[in-house]
Amino acid sequence: MSTPAPKYDRKEIGSAMVRIPSGTGMPDPLDVAIDPYAPTKVAKQVFIKGFQAWPQKGGPYPAVLILHEWWGLNSHFQELAYRVAQHGYVALAVDQYSRLGGPVTGDPALAAQLMGKVNAADLMHDLNDAAEYLNFQDYVKKNRIAVIGFSMGGSHGLRFACARRQLRAAVIFYGNVPIEKLSTLRCPVLYHQAEKDESVTQQEVDHLVSALTANKVMCAVHKYPGTTHSFFNDTRPDVYKAEAAAEAWARTLAFLDKYILADHPGVRPLPDSQRVR
């Protein structure tokens with residue numbers, strides 16, 4: 001399967017580090033403008049960190065949340081945000097370690113400790129607020145949002161898809177399956193499975209397929225021969241498989257193009273005022 005050419009040149013993509021308030025509404029610029037003390041106030045709420053990339057010509061565009069592996073929001077996932085944006089999406093790579101200070105590591109032992117400290121309930125709130133932040137931007141098509149998750153981020157991406165009814169699609173790279181929550185998952189799912197994955201069992205993937213099929217939810221699973229966990233990560237030569245990664249990326253883009261703008265059963269209908277075509 002050939003990968004489509006990017007719609008935008010890299011120089012046409014804007015980028016920024018973002019801080020999104022969690023648990024509160026989006027700030028009104030006018031409120032800040034009339035408050036002379038705003039620059040010196042210490043924020044009491046939690047802020048979600050992230051890296052955003054988006055096409056600076058035209059719009060509005062659909063959006064994609066990117067969820068990183070247990071290493072943290074490192075350069076690999078920032079680069080991935082650029083790649084997604086070049087295909088015509090607003091890409092927001094969310095730092096799932098924001099409540100821990102946003103650390104990044106290359107040490108597996110430390111990464112495991114960080115992953116273990118993530119509070120799943122808090123993270124679901126943070127991801128929902130990240131989606132609402134995107135809806136707040138005038139260059140984003142309202143509620144035309146998908147999620148792409150990798151390993152730890154894949155596990156969290158599936159949980160988020162179960163929790164947020166408005167999500168249009170979920171693309172999961174070798175994430176664990178939240179078996180007890182699948183009854184509420186309604187968006188189409190594309191699952192990329194490593195053939196020799198020691199972190200995700202075949203039973204989990206089979207349960208994902210059977211549960212979604214029973215609920216008449218589209219679920220596509222592709223298993224890549226000779227691959228191990230994290231085969232998409234080109235910064236890890238010990239596991240990276242270029243051919244499988246290219247094939248998975250082509251399928252991901254085709255899946256997003258097909259489903260992110262499509263209405264499908266189980267998705268809360270948009271009011272006419274938000275139907276941006």
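The values are calculated or read from the model by the stated rules, or taken from the named source; none is laboratory data. Just so we're clear, the structure is a prediction, and the values are computed from it rather than from any experiment. We place every Cβ from the backbone using ideal geometry, glycine too, and count neighbours over all the protein chains shown. Side chains included, ligands, DNA and RNA excluded: accessible areas come from the protein's heavy atoms. Shrake-Rupley method; radii C 1.70, N 1.55, O 1.52, S 1.80 Å.
In table form, for the structure just shown:
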item: Set 53, 112, 85: member being surrounded by fewer than 15 Cβ atoms within 10 Å (Cβ to Cβ) and either aromatic (Phe, Trp, Tyr) or farther than 20 Å from residue 172 by Cβ (or both); result: 112
item: Residue in the range 5-14 that is at pLDDT 95 or above, part of a strand (DSSP E or B) and within 14 Å of the chain's Cα centre (by Cα) present; result: no
item: The range 164-178, subset open to solvent by 10 Å² or more (accessible area, probe 1.4 Å) and at pLDDT 95 or above, residue farthest from residue 262 (Cα to Cα); result: 176
item: Output for the range 237-260, where each listed residue is closer than 21 Å to residue 66 by Cβ, open to solvent by 60 Å² or more (accessible area, probe 1.4 Å) and outside any helix (DSSP H, G or I); result: 240, 241
item: Check on residue 72, touching a Gly at 6+ places or on another chain (Cβ under 8 Å), in a loop (DSSP other than H, G, I, E, B) and in contact (Cβ under 8 Å) with a residue 24 or more places away in the chain; result: yes
item: Hits in the range 116-147 (condition: in contact with a Leu (Cβ under 7 Å, 6 or more places away or on another chain) and either surrounded by fewer than 18 Cβ atoms within 10 Å (Cβ to Cβ) or of a type in the set (A, V, I, L, M, F, W, C) (or both)); result: 117, 127, 130, 131, 134, 140, 145, 146, 147
item: Sole exception among (1) outside any strand (DSSP E or B); (2) open to solvent by 40 Å² or more (accessible area, probe 1.4 Å); (3) of a type outside the set (Val, Ile, Thr) for residue 182, by number; result: (2)
item: Matching residues, the range 185-230, being free of Cβ contacts under 8 Å to residues at least 24 places away in the same chain and assigned to a helix (DSSP H, G or I); result: 202, 203, 206, 209, 210, 213, 214
item: Condition met for residue 118 (out of contact with any helix residue (DSSP H, G or I) (no Cβ under 7 Å at 6 or more places or on another chain) and touching a residue at least 12 places away in the same chain (Cβ under 8 Å)); result: yes
